[in-house]
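The values are calculated or read from the model by the stated rules, or taken from the named source; none is laboratory data. Small disclaimer: the values here were computed from a predicted structure and weren't measured. Quick reminder, even Gly has a Cβ in these numbers, built from the backbone with ideal geometry, and neighbours come from all protein chains shown. These area figures cover heavy atoms from the full protein model, side chains too; ligands, DNA and RNA do not enter into them. Shrake-Rupley method; radii C 1.70, N 1.55, O 1.52, S 1.80 Å.
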Amino acid sequence: MKLSSLGEFGLIRKIRKLSSRTSPLTVIGIGDDAAALRISPASLLLATTDMLVEGIHFNLSTTDLYSLGWKSVAVNLSDIAAMGGVPRFCLTSLSIPSSVPAEQILDFYRGFNALAKTHHAALVGGDTCASGNGLIISVTILGETNRKWLITRSGAKPGDRIFVTGTLGDSAAGMELLQAGSRSQKSEVRSQKVAASFISREEKRLIQKHLRPEPRVEWGKKIAQARCASAMIDISDGLSSDLGHICEQSKAGAIVHSGKVPLSAALLKAKERLKHAPLQYALSGGEDYELLFTVPPSGMKRFAALNIPAMEIGTITRGRKLLIIDEDGEKKPLKPTGYDHFAR
Ligand code: ADP
Ligand code: MG
């Protein structure tokens, strides 16, 4: 079977089935944002790993190595945040082509440590080797939580309200601007001056969100410790796909109001320069690293007391359908159009 017809998530489902014999200490194995492993009666070790591959996740013509170091920690911290955990340790493995100067690798670690230190996650190991084919980064983060605070993707129930932190779509729009900027800089048509004036304040903000995302670790921890949410995930693939993951694992459906999906002023202002409508970036773009979570009626008071900047975008429903109500009040299927490594 071709990978393109299975898709990234179809492949992970098959890997999960093949590897279903786990330890009795595995509370959550393959299929959530991080594994949750019992290390004492109350404590859970959280473990997550993510790769960033040159030519797939990044391009060295549109990112500096400091930002890349920052982002490779951010994407993993975001998975710990989605479990409501506290990050503790990091491990990093690099496969480095000979064309990358040593000083740039040290810059990678400056960016890496800047964000890791903010979240008190210590770098304790890794691996280094040569690469014949681009820069490859793998980061693992270990964190912890208490059994009673654990939030998975699978606890959403019909009637629960759906919330998302921050704004969505900025990162994907920022990536498009970066790529357009790098193309225009290369082309002879635009002078260097035009290329330099390409970026407005709003566009810088979108690019910043793409290059240096801020993982929502504090918010994730607060939501978990208040025990007000029934399910949580971080938005790495795009709202439509990540809400799809919550619904699939919770065996439920969802209805989202398009007018309530939070879009930043920067994204709305930059829309003239973008290929798609702002909502499209929010639904399909990915790499937002915001938190998407569901709150049952019984948790609403405790959640409101946390004062976390989050927008209510819809409701969990019975049945397995994902729907979106558009600006004209019309209900349409919400297809999971987020990032899939193989389905293209
Ligand atoms: P996220 O976007 O939150 O990082 P992924 O979609 O990458 O999550 O992964 C979903 C789940 O599948 C996670 O539990 C992850 O550990 C697991 N997973 C992904 N790829 C593999 C693999 N090759 N082998 C085993 N588990 C995997
Ligand atoms: Mg995740």
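What is the distance in Å between the Cα centres of the range 237-293 and the range 297-317? A separation of 18 Å, based on Cα centres. Relative protection proxy for 293-299, 47-53, 281-287, 84-90, from highest mean packing down: 281-287, 84-90, 293-299, 47-53 (other beta-carbon atoms within 10 angstrom).
Between Ala343 and Lys275, the simple spin-label model (points 7 angstrom out along Cα→Cβ) gives 1.9 nm.
Hey, with R₀ at 25 Å, roughly what FRET efficiency would Thr140 and Gln208 work out to, going by the Cβ-Cβ distance, to 0.05? After rounding, the FRET efficiency stands at 0.45. Summing Lys and Arg as +1 and Asp and Glu as -1 over all other residues whose Cβ lies under 14 Å from the Cβ of Pro296 gives a net charge of +3. Positive contributions from Lys and Arg (+1) and negative ones from Asp and Glu (-1), summed over other residues with Cβ under 9 Å from the Cβ of Gly238, come out at -4.
Summing charges over neighbours of Leu283, with a neighbour being any other residue whose Cβ is under 12 Å away from its Cβ, gives -2 when K and R count +1 and D and E count -1. When the Kirkwood radius is taken over all Cα pairs of the chain, what Stokes-Einstein diffusion coefficient follows at 10 °C and 1.306 mPa s, in µm²/s? Approximately 76 µm²/s, per Stokes-Einstein. The alpha-carbon atoms of the range 30-150, seen along their principal axes, cover 49, 27, 23 angstrom, with the largest extent given first.
The length gained by stretching the chain between Ile56 and Glu327 to full extension, at 0.36 nm per residue less their Cα-Cα distance, is 94.1 nm. Of all aspartates and glutamates in the structure, those lying under 13 Å Cα to Cα from Lys269, and not within fewer than 8 positions of it along the same chain, are Asp170, Glu202, Glu203.
Using a 1.4 Å probe over the heavy atoms of the protein chains, calculate the carbon and sulfur portion of the accessible area of the range 235-344 as a whole percent. Heavy-atom surface of the range 235-344 belonging to carbon and sulfur, 1.4 Å probe: 54 percent. Structural descriptor for the chain: relative contact order 23 percent, calculated from alpha carbon pairs under 8 angstrom and at least 6 residues apart. Calculated accessible area for the range 1-141 comes out at 50 Å² per residue, all protein chains present (probe 1.4 Å; ligands, DNA, RNA ignored). Listed by chain and number, the lysines whose alpha-carbon sits under 26 Å from that of Lys221, ignoring those within fewer than 8 places in the same chain, are Lys71, Lys117, Lys148, Lys157, Lys209, Lys251, Lys260, Lys301. For the range 204-344, rounded, prolate or oblate, judged on the Cα gyration tensor with a ≥ b ≥ c (square roots of eigenvalues), a/c < 1.5 rounded, else prolate if a/b > b/c? Since a/c reaches 1.5 but b/c is at least a/b, the shape of the range 204-344 is classed as oblate. Between Ile15 and Ala180, the distance separating the two model label sites (each 7 Å from Cα on the Cα→Cβ line) works out to 3.5 nm.
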